[in-house]
Amino acid sequence: MPTPDGSPPTRIGVLGGTFDPIHHGHLAAAEECRAALDLDLVLFMPAGQPPHKRGRVISPAADRVVMVELAIATNPFFRLSRVDVDRDGPSYTVGALEQLRLEWGLEARFWFLMGADSLADILTWRDPARLIELCRVVAVNRPDAPQPAPEKLDAELPGASQRIDVVEMPAMDISGTDLRARVKAGRPVKYQLPEAVEQYVTERGLYRS
């Protein structure tokens, strides 16, 4: 899979999530990181069975994959990765990154994009030490939020702060939780979702019940 200029990608961002639904906040964060870190492309990786959301009903993976495809269709630097939805078991990031390394080869380097709030919880993730070996971690932060403190992780994960980048994205207060609630209540979501995704949500009747 060459980059838009035809060269093989070696600097690859990975943005995971349920994407239920994917919205402009996800897209803006990915594009900001792509530009700030000079990434060749960004993979959008919908979660198959997110372990931190057990007990919450989420839309079928097939619907979430289609919404991602619709949302990223106009950006040649964005790609869909099915590595998580096509494998069995809980969607642990470290396992997905192991698989991506097999798919993209030894020359590829990965940057895993996450919200700054998730960085604070990374010690609760599956095998965080292995995770930061497999990739650099990117804490995406809003300008109105407290700055992340990667050095606080060094006591538990020696050298972790040297493997963490912080990227500030435009202030966009959009969340999947709020969007689902708005759709359910019949309130507008226009301009918060890509138009094609909004149309898909309407046609499929997602989040209505």
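Cβ-Cβ distances below 6 Å connect the following pairs, each with a first residue in segment 185-208 that is under 12 Å from HIS23 (Cα atoms), a second residue that is among the basic types (Lys, Arg), and a separation of six or more residues or different chains: VAL189/ARG182.
Taking first residues from segment 66-87 that are more than 13 Å from HIS26 (Cα to Cα) and partners that are modelled with pLDDT under 95 and among the hydroxyl-bearing types (Ser, Thr, Tyr), the Cβ contacts under 6 Å between residues at least 6 apart in sequence or on separate chains come to ASP84/SER91. For segment 62-93, which residues satisfy the criterion of being surrounded by 18 or more Cβ atoms within 10 Å (Cβ to Cβ) and small (Gly, Ala, Ser)? Across segment 62-93, the qualifying residues are ALA71, SER81, SER91.
Within segment 165-180, the set of residues being closer than 17 Å to ARG64 by Cα and either part of a loop (DSSP other than H, G, I, E, B) or in contact (Cβ under 8 Å) with a residue 40 or more places away in the chain (or both) comprises SER175, GLY176, LEU179, ARG180. Considering every residue within segment 181-201, establish whether at least one is hydroxyl-bearing (Ser, Thr, Tyr) and in a helix (DSSP H, G or I). Taking every residue of segment 181-201 in turn, at least one turns out to be hydroxyl-bearing (Ser, Thr, Tyr) and in a helix (DSSP H, G or I).
Residues checked against (1) farther than 20 Å from GLU31 by Cα; (2) not hydrophobic (A, V, I, L, M, F, W, C):
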{"position": "GLN99", "(1), (2)": "yes, yes"}
{"position": "GLU133", "(1), (2)": "yes, yes"}
{"position": "PRO143", "(1), (2)": "no, yes"}
{"position": "PRO150", "(1), (2)": "yes, yes"}
{"position": "ASP154", "(1), (2)": "yes, yes"}
{"position": "SER161", "(1), (2)": "yes, yes"}
{"position": "PRO188", "(1), (2)": "yes, yes"}
{"position": "VAL197", "(1), (2)": "no, no"}
{"position": "TYR207", "(1), (2)": "yes, yes"}
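Scan segment 72-87 and tell me whether some residue there is farther than 13 Å from PHE44 by Cα, modelled with pLDDT of 95 or more and more than 13 Å from the chain's Cα centre (by Cα). Yes, the conditions are met somewhere in segment 72-87. Under the condition of being surrounded by 15 or more Cβ atoms within 10 Å (Cβ to Cβ) and either part of a helix (DSSP H, G or I) or in contact with a helix residue (DSSP H, G or I) (Cβ under 8 Å, 6 or more places away or on another chain) (or both), the residues counted in segment 102-113 number 6. Looking only at segment 105-129, which residues are more than 26 Å from ALA145 (Cβ to Cβ), of a type outside the set (Gly, Ala, Ser) and modelled with pLDDT of 95 or more? The answer is ARG109, ASP127.
Output yes when any residue across segment 135-143 is within 24 Å of ASP20 (Cα to Cα), basic (Lys, Arg), part of a loop (DSSP other than H, G, I, E, B) and in contact with a Phe, Trp or Tyr (Cβ under 9 Å, 6 or more places away or on another chain), and no when none is. For segment 135-143, residues within 24 Å of ASP20 (Cα to Cα), basic (Lys, Arg), part of a loop (DSSP other than H, G, I, E, B) and in contact with a Phe, Trp or Tyr (Cβ under 9 Å, 6 or more places away or on another chain): absent. Restricting ALA129, ALA120 to residues that are over 20 Å from GLY17 (Cα atoms), out of contact with any helix residue (DSSP H, G or I) (no Cβ under 6 Å at 6 or more places or on another chain) and in contact (Cβ under 8 Å) with a residue 24 or more places away in the chain narrows the list to ALA129.
Being in a helix (DSSP H, G or I) and among the charged types (D, E, K, R) is the filter here; which residues of segment 35-84 pass it? Answer for segment 35-84, where residues must be in a helix (DSSP H, G or I) and among the charged types (D, E, K, R): LYS53, ASP63, ARG64, GLU69.
Taking segment 184-209 as the range and being in contact with a helix residue (DSSP H, G or I) (Cβ under 8 Å, 6 or more places away or on another chain), under 19 Å from VAL65 (Cα atoms) and buried (at least 16 other Cβ atoms within 10 Å of the Cβ) as the test, the residues that pass are GLN192, LEU193, PRO194, VAL197, TYR200, VAL201, LEU206, TYR207. Being among the acidic types (Asp, Glu), over 24 Å from ILE72 (Cα atoms) and at pLDDT below 90 holds for only one residue in ASP173, ASP154, ASP144, and it is ASP144.
The values are calculated or read from the model by the stated rules, or taken from the named source; none is laboratory data. In this text, all values refer to a predicted model and were calculated from it rather than measured experimentally. Cβ coordinates were reconstructed from backbone atoms using ideal geometry, including for glycine residues, and neighbour counts include every protein chain displayed.
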